[in-house]
Amino acid sequence: MSLDIASFSKDYLNRLHTAHKKVDLDRVAEVIDLLMGAYENDKQILIFGNGGAAANASHFAADLGKGTLGRRYKGDKRFRVTSLTDNITTLTAYANDLSFEDIFVQQLRNLLNPGDLVIAITGSGNSPNVLKAIEYAKKKGALTIGFLGFKTGGKAARLVDHAIIIQSDHYGIIEDTCTVLHHLITDCLTKLKAESDGNEESRLS
């Protein structure tokens, strides 16, 4: 075998570590503040992406909706979060009847209200269905966040209100870094939510 797997693995992890070190933590703090604001003001959080980013959208939605509870399951106040990637019937119906570019924007037409928070996850930042959804969200008065990659964030970086851009041109490293950031954000929000809810909810659990 010509490939040195140990060296290849070490190089991948080194590149991943470099991408992590280059994350703008001030931008991460901004996103945490926006998410906490959505929680406190009872606004929806709607998340979407394609391919690996679709999986990240589903994972992030689960973490925000359940992970932030910190095992305090009896309290009624929770993050109102939905991943637009999770309904295969709806996705394929819009793709079939309209186009793949419409799979997210048409769902936003059903769900979005002014002041809601829309999160787009896209490595290239150039996916037409993602861009179309961001444009619609902004037109309807939603706040928009992008988890982007390829060092520039593509077209999405110029559209969203707040962008976290991963400094890598490798899809795997971009998606890995997004997952780490989503866990970081969820962990922070879990603590902020507990403080916001006060001790009463903790006693109820």
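One table, with the values for the structure above:
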| item | result |
| --- | --- |
| Gain upon complete extension [Thr89, Lys66; 0.36 nm per residue less C-alpha separation] | 5.9 nm |
| Cross-link reach list, lysines versus Lys77, counting only Cα pairs under 27 Å and skipping chain neighbours closer than eight places | Lys43, Lys66, Lys138, Lys140, Lys191, Lys193 |
| Net charge dipole size for the chain [Lys, Arg +1 and Asp, Glu -1 on Cβ; Debye, nearest 20] | 140 |
| Nearest-0.05 FRET efficiency for Asn126 and Asp161, computed from C-beta distance (R0 25 Å) | 0.85 |
| Added length on full extension, which subtracts the Cα-Cα distance from 0.36 nm per residue, Ala55 to Lys151 | 32.4 nm |
| Simple label model, 7 Å out from Cα along Cβ direction - Ser7 to Asn110, nm | 5.2 |
| For the stretch 35-194, the spread of Cα positions along each principal axis, largest first, Å | 41, 34, 27 |
| Extension reserve of the Tyr171-Lys191 stretch, reckoned as 0.36 nm per residue once the Cα distance is removed | 4.1 nm |
| The stretch 119-148: trypsin sites (Lys or Arg not before Pro) in DSSP loop, at most 15 other beta carbons within 10 Å | Lys140 |
| 3J(HN,Hα) from dihedral phi, the stretch 80-92, Karplus parametrisation 6.51/-1.76/1.60, rounded to Hz, x for glycine, proline | 8, 10, 9, 8, 6, 8, 9, 10, 5, 5, 5, 4, 6 |
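Read the figures in this text as sums done on the coordinates, not as results from a lab. Quick caveat, the model's predicted, so the values are computed rather than measured. All Cβ positions, even for glycine, are placed from backbone atoms using ideal geometry, and neighbour counts span all protein chains on display.
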